Amino acid sequence: MSSAAAAAPIITEVVVIGAGPCGLFQVFELGLLGISAHVVDSLKHPGGQCAELYPDKPIYDIPALPVCGAQELVDRLLQQIKPFKPQLHLGHEVVEFNSRADGRFELATAGGVRFDAGAVVIAAGLGSFQPRRIGIEGAEAWEGAAIQYRVRNAAELAGRQLVIFGGGDSALDWTLELLPRAASLTLVHRRSEFRAAPASVARMRAQVAAGRMRCLEALPHSLIVADGALRGVNIRRPDGVIEPLRAEQLLVFFGLHPKLGPIAEWGLALEKRALRVDTEKFQTSVPGVFAVGDINTYPGKKKLILSGFHEAALAAFGIQHHLYPQKKQFLQYTTTSPVMHQRLGVPD
Ligand SMILES: Cc1cc2nc3c(=O)[nH]c(=O)nc-3n(C[C@H](O)[C@H](O)[C@H](O)COP(=O)(O)OP(=O)(O)OC[C@H]3O[C@@H](n4cnc5c(N)ncnc54)[C@H](O)[C@@H]3O)c2cc1C
């Protein structure tokens with residue numbers, strides 16, 4: 001029995017897949033209607049593309065905010081949804097989705113968290129962010145063991161010969177953290193400049209100057225395997241020279257890229273790798289499953305945060321009707337509605 005099958009499911013009104021700006025705003029719009037949601041994201045932090053791809057860049061087309069940093073927008077959205085106490089499950093990719101005969105939905109993450117939901121909102125953007133792979137022949141056989149894209153257990157790496165690839169914050173942070181306990185450590189980056197925080201780069205260079213580690217400008221070339229074990233990696237220097245490095249463990253931090261992944265397999269109508277929705281309630285081809293933000297498509301769709309916010313507002317009404325078809329729907333203003341004030345925690 002898989003661990004996904006073993007854990008008891010979390011029973012909820014709605015599961016939102018994706019904690020990007022549109023998934024977060026979906027929580028707000030549902031909350032205004034008195035509907036609670038669990039939000040799942042494969043990234044360890046909320047904010048989707050804004051937080052992962054351009055946190056420091058300014059955005060100029062959010063209504064009433066002439067300029068807003070991308071991470072600032074995420075922080076503001078998190079603040080805005082606070083009254084609705086959303087349950088965020090970060091670092092969990094939703095990999096399984098099933099429609100049940102009773103109209104509810106079962107979802108499971110790769111880590112075995114299960115949900116039993118009355119409705120699902122897919123706000124998965126460009127897809128779930130996956131690590132960029134090392135891309136050398138035969139690497140797949142070692143991935144998850146001698147080649148890792150994230151450190152699951154730093155203690156396991158103590159006393160080992162490590163080669164770390166990358167030039168961003170993850171590569172530098174792990175270099176500095178693992179160095180004191182590693183048998184040896186070499187950092188390999190394709191350029192002499194680093195994207196990581198200058199202070200980390202300076203600390204790393206100080207360790208190199210003190211002879212505690214090496215830092216080389218090169219690309220991965222091929223694996224060195226002997227007697228069924230990974231013994232090292234050949235790297236290609238800028239002058240074309242191939243140099244062997246001894247290593248028991250390769251840690252690769254080439255960043256993340258989005259992949260539609262499992263969502264494409266869930267039997268929902270797709271068009272050009274996006275989920276087809278109506279424009280009344282942004283429902284997919286399966287009743288009870290909605291899609292907002294960059295993941296959806298319809299005539300005239302524009303992949304803008306602003307569009308996703310509008311979609312989330314209408315989807316919330318669609319979800320309310322799906323969950324509670326008998327309930328009379330009417331539009332209330334946040335300015336004047338006592339029940340919305342109560343939900344928002346605003347004193348009347
Ligand atoms: C450099 C850059 C600049 C931009 N500037 C602007 C701008 O100025 N104005 C503007 O309006 N838009 C801008 N955009 C576009 C904007 O960022 C997107 O429209 C917006 O992020 C879409 O939000 P979203 O919530 O739909 O998806 P995303 O932000 O992509 O978030 C989706 C989330 O879903 C998660 N996810 C996906 N699949 C799964 C799964 N199976 N399980 C769990 N989690 C999953 C992902 O990890 C991700 O965190 C810009 C984009 C880029 C790259």
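The values are calculated or read from the model by the stated rules, or taken from the named source; none is laboratory data. Quantities reported herein were computed from a predicted structural model and do not represent experimental measurements. We place every Cβ from the backbone using ideal geometry, glycine too, and count neighbours over all the protein chains shown. These accessible areas exclude ligands, DNA and RNA; they are computed on the full protein's heavy atoms, side chains included. Shrake-Rupley method; radii C 1.70, N 1.55, O 1.52, S 1.80 Å.
Residues that are at pLDDT 60 or above and in contact with a Ser or Thr (Cβ under 9 Å, 6 or more places away or on another chain) within the stretch 1-16 comprise Thr12, Glu13, Val14, listed in sequence order.
Looking at Phe129, Phe115, just one residue is within 27 Å of Leu270 (Cβ to Cβ), surrounded by 17 or more Cβ atoms within 10 Å (Cβ to Cβ) and at pLDDT below 95, and that residue is Phe129.
Being within 22 Å of Glu311 (Cα to Cα), open to solvent by less than 40 Å² (accessible area, probe 1.4 Å) and near the ligand (Cβ under 7 Å from one of its atoms) is a condition met by no residue of the stretch 26-39.
Total residues in the stretch 270-284 satisfying the condition of being assigned to a loop (DSSP other than H, G, I, E, B), open to solvent by 30 Å² or more (accessible area, probe 1.4 Å) and closer than 25 Å to Ala110 by Cβ: the figure is 1. Inspect the stretch 337-346 for any residue being surrounded by fewer than 17 Cβ atoms within 10 Å (Cβ to Cβ) and on the phi > 0 side of the Ramachandran plot and give the result as yes or no. Yes, the stretch 337-346 has at least one match.
For the condition more than 16 Å from the ligand (Cβ to nearest atom), at pLDDT 95 or above and not in a loop (DSSP other than H, G, I, E, B), Ala171 qualifies. When the stretch 89-108 is filtered for residues that are away from the ligand (no atom under 11 Å from the Cβ) and part of a strand (DSSP E or B), the ones remaining, listed by number, are Asn98, Ser99, Phe105, Glu106. One residue is enough: does the stretch 305-324 have a residue meeting the conditions modelled with pLDDT of 95 or more, assigned to a strand (DSSP E or B) and either surrounded by fewer than 24 Cβ atoms within 10 Å (Cβ to Cβ) or not charged (D, E, K, R) (or both)? Checking the stretch 305-324: not a single residue is modelled with pLDDT of 95 or more, assigned to a strand (DSSP E or B) and either surrounded by fewer than 24 Cβ atoms within 10 Å (Cβ to Cβ) or not charged (D, E, K, R) (or both). Against the conditions (1) among the hydrophobic types (A, V, I, L, M, F, W, C); (2) in contact with a strand residue (DSSP E or B) (Cβ under 7 Å, 6 or more places away or on another chain); (3) open to solvent by 30 Å² or more (accessible area, probe 1.4 Å); (4) modelled with pLDDT of 95 or more, Ala110 satisfies every one except (4). Taken over the stretch 40-74, residues that are near the ligand (Cβ under 7 Å from one of its atoms), open to solvent by 20 Å² or more (accessible area, probe 1.4 Å) and within 19 Å of Lys259 (Cα to Cα) amount to 5. Filtering Gln79, Gln130 for residues that are part of a helix (DSSP H, G or I) and either more than 16 Å from the ligand (Cβ to nearest atom) or touching a strand residue (DSSP E or B) at 6+ places or on another chain (Cβ under 8 Å) (or both) leaves a single hit, Gln79. None of Gly267, Gly261, Gly211 is under 28 Å from Gly144 (Cα atoms) and surrounded by fewer than 21 Cβ atoms within 10 Å (Cβ to Cβ) except Gly261. Against the list (1) closer than 24 Å to Ala70 by Cα; (2) touching a strand residue (DSSP E or B) at 6+ places or on another chain (Cβ under 9 Å), the condition Val289 fails is (1). Screening Leu77 against (1) modelled with pLDDT under 95; (2) buried (at least 17 other Cβ atoms within 10 Å of the Cβ) leaves a single unmet condition, (1).
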